[in-house]
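Enquirer: Just passing along the structure, written as structure tokens.
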Amino acid sequence: MSFLGKIFTWWDGATIGTLLWSGRNGEHVGTDAQGNRYFRSKSVKDGQRERRWVIYEGANDASRVPSEWHGWLHGSYDALPESHLAPAKIWEVDHTPNATGTDTRYLPAGALDRGGRRAAATGDYEAWSPDA
């Protein structure tokens, strides 16, 4: 992204102001598999909770935050996710963000973007009638 793009756009990654503020006031604590970077405040005032935030790698979309980091961001636990995660099982798949509105979205048979054709009715469906 260009320098001017970083100054004026917030919807596709962090702005220059966010990056500068995070570098000055935040402590980088980790990065997930998608490249999202997680921060917490360097100093916490008495009686306040620690501030935590994420800088997305690419488009700002909260569904791109894996569940373990989501719990940390919302203060469900204080330890970093890597420190208390169980080992991955062989059958587990990697986290994928929500694909709604993208080219990789799910399109069922009969969807207009797939030509609008669906399988012929098999005769096992009987429409409801208020007279019956």
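Enquirer: Being surrounded by 11 or more Cβ atoms within 10 Å (Cβ to Cβ) and assigned to a helix (DSSP H, G or I) is the filter here; which residues of the stretch 67-81 pass it?
Expert: E68, W69, H70, G71, W72, L73, P81
Enquirer: Name every residue in the stretch 24-47 that is modelled with pLDDT under 85 and loosely packed, with under 11 Cβ neighbours inside 10 Å, in order of residue number.
Expert: A33, S43, K45, D46, G47
Enquirer: Just wondering, is there one or more residues in the stretch 56-66 that are touching a Ser or Thr at 6+ places or on another chain (Cβ under 9 Å), closer than 16 Å to A14 by Cβ, touching a residue at least 24 places away in the same chain (Cβ under 8 Å) and not in a helix (DSSP H, G or I)?
Expert: There is at least one residue in the stretch 56-66 that is touching a Ser or Thr at 6+ places or on another chain (Cβ under 9 Å), closer than 16 Å to A14 by Cβ, touching a residue at least 24 places away in the same chain (Cβ under 8 Å) and not in a helix (DSSP H, G or I).
Enquirer: Of all residues in the stretch 79-99, count the ones that are in contact (Cβ under 8 Å) with a residue 12 or more places away in the chain and out of contact with any Ser or Thr (no Cβ under 8 Å at 6 or more places or on another chain).
Expert: Final tally of qualifying residues: 5.
Enquirer: Among the residues of the stretch 85-121, which ones are surrounded by fewer than 10 Cβ atoms within 10 Å (Cβ to Cβ) and not in a loop (DSSP other than H, G, I, E, B)?
Expert: Passing the criteria: L112, D113.
Enquirer: Run D124 past the list (1) over 16 Å from the mean Cα position of the chain (by Cα); (2) in a loop (DSSP other than H, G, I, E, B); (3) of a type in the set (D, E); (4) at pLDDT 80 or above and report the number of the one that doesn't hold.
Expert: (4)
Enquirer: With the requirement that a residue be among the β-branched types (V, I, T) and under 25 Å from A59 (Cβ atoms), what does the stretch 23-47 give you?
Expert: V29, T31
Enquirer: Has the stretch 48-57 got at least one residue that is at pLDDT below 85, out of contact with any helix residue (DSSP H, G or I) (no Cβ under 7 Å at 6 or more places or on another chain) and surrounded by fewer than 10 Cβ atoms within 10 Å (Cβ to Cβ)?
Expert: yes
Enquirer: A further question on this structure: Mind counting the residues in the stretch 71-116 that are of a type in the set (S, T, Y), more than 17 Å from the chain's Cα centre (by Cα) and farther than 25 Å from H28 by Cβ?
Expert: Matching residues across the stretch 71-116 total 1.
Enquirer: I'd like to check something: does the stretch 13-27 contain any residue that is touching a residue at least 40 places away in the same chain (Cβ under 8 Å) and either closer than 14 Å to P81 by Cα or within 12 Å of the chain's Cα centre (by Cα) (or both)?
Expert: Among the residues of the stretch 13-27, not one is touching a residue at least 40 places away in the same chain (Cβ under 8 Å) and either closer than 14 Å to P81 by Cα or within 12 Å of the chain's Cα centre (by Cα) (or both), which makes the answer no.
Enquirer: Kindly list the number of the only condition in (1) surrounded by 15 or more Cβ atoms within 10 Å (Cβ to Cβ); (2) modelled with pLDDT of 85 or more; (3) touching a strand residue (DSSP E or B) at 6+ places or on another chain (Cβ under 8 Å) that fails for A14.
Expert: Among (1) surrounded by 15 or more Cβ atoms within 10 Å (Cβ to Cβ); (2) modelled with pLDDT of 85 or more; (3) touching a strand residue (DSSP E or B) at 6+ places or on another chain (Cβ under 8 Å), the lone unmet condition for A14 is (2).
Enquirer: Among the residues in the stretch 24-40, are any touching a strand residue (DSSP E or B) at 6+ places or on another chain (Cβ under 9 Å), among the β-branched types (V, I, T) and more than 22 Å from E92 (Cβ to Cβ)?
Expert: Yes, the stretch 24-40 contains a residue that is touching a strand residue (DSSP E or B) at 6+ places or on another chain (Cβ under 9 Å), among the β-branched types (V, I, T) and more than 22 Å from E92 (Cβ to Cβ).
The values are calculated or read from the model by the stated rules, or taken from the named source; none is laboratory data. Just so you know, these numbers come straight off a predicted model, no measurement behind them. Note: ideal-geometry Cβ built from the backbone for every residue, glycine included; neighbour counts use all protein chains shown.
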